[in-house]
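Some notes on the structure that comes next.
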Amino acid sequence: MGLTSPDSAPRDVARAHRIRPFASIGLASLILVCLLAFLVTRWRSLPDYEWRFSPGWLMLGVGATASCYVLQGELWRALLGALNEKIEPRSARAVWAKSLLARYIPTSIFLVVTRVALASRHGVRRRVCLVSVVYELALGLSAAGILASYFIVTVPALEGRPGRFAVLGVIPLAFVALHPRFFKPLADFGLRKFGRPELDEVLPLSTVSVFMLFYVVSWLLMGVGLLAFAASLHPISAGESPYVVASYSVGFIVAVLTFVVPGGLGTRDATVAASLAATVPGPVATAIALGFRLLETAVELVYLAVTVTLARREVRHR
């Protein structure tokens, strides 16, 4: 009659646990293949150029990019701690890394859903995890906005246009939006829409400011990664370096605003390329933006593999 025996349930659970790692690897591989196909089609449209290659700069780029991922993963865990939620460090890193894969599904809402679902398996309250992700996005976007403001105000192409200084309003607006007096009513409204209870507490402005500083550092690390990668292929002068570093933040903001595009594919890369074109020739800027996207994705997948492996070892040794 199609009924299963009582002993089949444990076997099904065990089978699911064995299959899950391969499913994650398969999804990661599919993302990498699609990204490679995307980059190859774009690369073919570029004119011939005499490239140089500097391994030292490339290694610095890989190190800075990896440091950004490590720092941002730790910052999310620290956000949970600040909201009085505890999660084992290795598990937290694995949850954060796994949820990044959901960015490549159209609309970034799947990142939030995945993060909340994975964290709840480790005892994290869903509504608190949801708020931590909101804080993460708001802080990351605000920190990127600070660096992007520097780019817009100082880039030579916009010199003589007073309107560029309006972007400096992003900085006070970010702190106002994250102030408990404004953030809690907005967060409570969103939680009610999801059928969740209101927040017990929110982060004080002093704590928000510290997190903001660290998120600025994280985007600086990613910007240094872009700068080092660019310098490994094309000479970058000292005067051009700050613009290259800030270019990544400009691209990140556009990727967030165009969240319906999986992982910001195309939109972020085009914005980074346009920003880089202020310092290097247009075709070179496009090639650097596309190449760095590949490097960044490779670092992301390696970080995912390492964190998931360490988390599984921790579980087996308990």
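Please treat every number below as a calculation from the coordinates, not as lab data. Predicted model, so just to flag it, every value in this text is computed and none were measured. Backbone-built Cβ (ideal geometry, glycine too); neighbour counts: all protein chains shown.
List of remarks:
- Ranking of TYR150, TYR69 by neighbouring Cβ atoms within 10 Å, starting from the fewest: TYR150, TYR69.
- With the highest mean first, a sort of the peptides 81-93, 226-238 on other beta-carbon atoms found within 10 angstrom per residue produces 226-238, 81-93.
- Karplus 3J(HN,Hα) series, Hz, for the range 204-212 with 6.51 cos²θ - 1.76 cosθ + 1.60 (x for Gly, Pro): x, 4, 4, 5, 4, 5, 5, 4, 4
- Here the calculated FRET efficiency for PHE110 and LEU310, from their Cβ-Cβ distance with R0 = 22 Å, stands at 0.35, rounded to the nearest 0.05.
- Among the trypsin sites (Lys or Arg not before Pro) within the range 113-145, those in coil by DSSP and having at most 15 neighbouring Cβ atoms inside 10 Å are ARG121.
- Selection of chymotrypsin sites (Phe, Trp or Tyr not before Pro), the range 169-221, meeting DSSP coil and at most 12 other Cβ within 10 Å: PHE194
- Ascending count of other beta-carbon atoms within 10 Å, so fewest first, for TRP57, TRP76: TRP57, TRP76
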